[in-house]
Amino acid sequence: MRTNFSLLFYLKKQKNYVSGNVPIYMRITVEGNRVEMATNRDCDPKRWNAKGGRAIGSKEEIKVLNTHLDQLQNAVYYAHQRVFDMGLPITADAIKSSYLGTLINSNTLLEAVADHNLKMEQLVGKDYVRGTLNRYKVLERHLKVFIPLKYGVADMDIRTIDQAFLNGFDHYLRSDKNCANNYVVKNIKNLGKILRICMENEWIDKSPFTAYKAKQRMLIAFI
């Protein structure tokens, strides 16, 4: 059952405000309960449309600001959808936690990667060489950039990682990072190993990596 959910961007003036730019906050409201978060952006009240929750003007800096707010809005809507898809009670706090990647009783992708890398580091010189560990650390750094860039959140619940995520990460490495095909495939396969570990830990029911492997086999077949 859907709930009454809304998002509002507004200016939060200090009590001693006289003039100048004011911090922009966003307020998530569910069934009358609300939470607020800073956007780390500000705006001159004279250039703010309170009803629309956006800055007014055609200058490039205004366009950049409004684009950023649009991205934050999409990220919050995505966070709301994740809470719904996971079957959790939809509250303002749950949406905020989903947005921040800190949902209670959830395991996040970056936590899974960090846990894997820590355990691998403890076995360097025994079961692994340093070079293998370094490749997984590079994967972790890529994900720390990709997730906020693509989804507007710091981390993601492991249960929300799907084929679209893998395709998006693949595209990011090829386009934004200009990585070669073999490098991209190795990073995706390393991520797939971590997702399979998550399956073994029963954090997810199935890994989306199977479809990606099929895609690679088909790609090789046409070369």
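The values are calculated or read from the model by the stated rules, or taken from the named source; none is laboratory data. The shown structure was predicted, so the numbers you read here are calculated from the model rather than taken from an experiment. Virtual Cβ from ideal backbone geometry, glycine too; neighbours counted across all protein chains shown. SASA here: full protein model, heavy atoms, side chains in, ligands and nucleic acids out. Shrake-Rupley method; radii C 1.70, N 1.55, O 1.52, S 1.80 Å.
For the stretch 24-169, a crude dipole built from +1 on the beta carbon of Lys and Arg and -1 on the beta carbon of Asp and Glu, taken about the Cα centre, is about 400 debye to the nearest 20. You can think of it this way: the chain between R174 and L123 has 15.2 nm of extra reach, that is 0.36 nm per residue less the Cα-Cα gap. For T108, the amide hydrogen comes within under 5 Å of the amide hydrogens of I158, counting only partners 5 or more places away or on other chains and with H modelled in the peptide plane. About its Cα centre, the stretch 86-152 has a charge dipole of approximately 300 debye under the convention of +1 per Lys or Arg Cβ and -1 per Asp or Glu Cβ, with nothing else charged. Extension gain, T132 to K51: 0.36 nm times the residue separation minus the Cα-Cα distance gives 23.8 nm.
Note on the chain: with a GNM built from Cα contacts shorter than 10 Å, the maximum mean-square fluctuation among D93, D162, D176 falls on D176. Heavy-atom accessible area, probed at 1.4 angstrom with all protein chains present, ranks M86, M199, M37 as M199, M86, M37, highest first. Working from label points 7 Å from Cα in the Cα-to-Cβ sense, the V64 to Y10 distance is 2.8 nm. A 1.4 Å probe run over the chain, with the rest of the protein chains in place, finds 59 Å² accessible per residue. The gain in end-to-end length when the E31 to Q163 segment is fully stretched comes to 44.2 nm, 0.36 nm per residue minus the alpha carbon separation.
Return the percentage of antiparallel bridges among DSSP beta bridges fully within the chain, rounded to the nearest 5 %.
Details: 19 of 20 bridges.
Around 95 percent antiparallel, to the nearest 5.
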